[in-house]
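These notes are about the structure you will find just below.
The values are calculated or read from the model by the stated rules, or taken from the named source; none is laboratory data. Everything numeric in this text was worked out from a predicted model, so none of it was measured. Counting neighbours? That spans all protein chains shown, and the Cβs are built from the backbone with ideal geometry, glycine included.
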Amino acid sequence: MVQPHCYLEFCWNSNSICDTLKCALIRDNDWIRRDNKYENSATIHQQISTMYYFLVHCTIFMQTKEKILQKALELFNTYNYSSISVRDIARSLKMSPGNLSYHFAKKEDILTALLEDLKTNNSKYYQDYKLQKSTKENFLRLMENIFHSQFSYRGVLIAKSFLLQTREKTRDLDYDQHIKTRKRYLKAILSELNESREILVIEDDMKFLVSFISLLERFWLLESKLEIQDQDQTAIVKHYVGLLERQLELFTPQILT
């Protein structure tokens, strides 16, 4: 078994410990030189052992937070956000509500974390799209990825009216700014498609498409729950991507000419 002091000494020398943590150690402990060599060899093993167990605790803490989020999302998807309480989540994890509140003080904090995860996932898809050629096919693939991501978080997103009512309580959720940012991304993408003649639109057409796609993004999950809930995720996403594709076809140069 690797001893704590050997493990952390290896991490330090191999730069596995981030610079921020190193700076904290240098600031709070007078046992490291500026060139990262140990100054006080008599205390180094005690200090390293302490940091080792600190890192282990942080790892367990983050793993527990992730388990809570995964279970909460599972319950929100299976039932709905408003009908699931913190106690329900804790009970499913065989955890006391007090233990859970150590990680998330209230249910809205879980909601904020889940939406932040969704935002991170979707941002990655947009970043990946920017590296590709601006084509209608790549744009539809982008939207397909986003729809799949949204479907995975459907329990949170379907409760849109509830989210809007509580957004003042959840300060991290700036819904208005999120909508503006999303529309700005869409307009930039559609403008590039227009410049590459993948679509052919005038200003009014652009406004229509941005509004249409934004509306589809925001409400397709709710509509699918009411209309085609008997189908699986792949079929449902394919249906709504198909609707978007048919809409874009109306603005392709081939049809217009």
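Given the residues Glu203, Glu227, Glu217, which is the only one that is in contact (Cβ under 8 Å) with a residue 60 or more places away in the chain and either over 19 Å from Asn122 (Cα atoms) or not aliphatic (A, V, I, L, M) (or both)?
That would be Glu217, the only listed residue that is in contact (Cβ under 8 Å) with a residue 60 or more places away in the chain and either over 19 Å from Asn122 (Cα atoms) or not aliphatic (A, V, I, L, M) (or both).
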Checklist line | Only listed residue being buried (at least 16 other Cβ atoms within 10 Å of the Cβ), aromatic (Phe, Trp, Tyr) and at pLDDT 95 or above, chosen from Phe147, Phe104 | finding: Phe147
Note to self: Can you list the helices (runs of 4 or more DSSP H) lying wholly within the range 178-257 that have 1 or more residues being in contact with an Asp or Glu (Cβ under 7 Å, 6 or more places away or on another chain)?
What the structure shows: 233-249, 253-256
Item checked: Check on Lys169, surrounded by 12 or more Cβ atoms within 10 Å (Cβ to Cβ), over 22 Å from Phe251 (Cβ atoms) and modelled with pLDDT under 90 -> no
Next item on the list: Among the numbered conditions (1) surrounded by 15 or more Cβ atoms within 10 Å (Cβ to Cβ); (2) modelled with pLDDT under 90; (3) among the aliphatic types (A, V, I, L, M), tell me where Val56 comes up short.
Entry: (1)
Check: Hey, does the range 217-235 have a residue that's surrounded by 13 or more Cβ atoms within 10 Å (Cβ to Cβ) and closer than 19 Å to Lys130 by Cβ?
Finding: yes
Notebook entry, point to check: Which one of these does Arg91 not meet: (1) crowded, with 16+ Cβ neighbours inside 10 Å; (2) assigned to a helix (DSSP H, G or I); (3) not assigned by TED's automatic domain parsing to the domain that holds Ile236?
Noted result: (1)
Next item on the list: State yes or no: is Ser134 under 25 Å from Leu243 (Cβ atoms), out of contact with any helix residue (DSSP H, G or I) (no Cβ under 9 Å at 6 or more places or on another chain), at pLDDT below 95 and not basic (Lys, Arg)?
Entry: no
Check: When the range 127-137 is examined, which residues are found to be crowded, with 17+ Cβ neighbours inside 10 Å and either without any contact (Cβ under 8 Å) to a residue 60 or more places away in the chain or not in a helix (DSSP H, G or I) (or both)?
Finding: Ser134
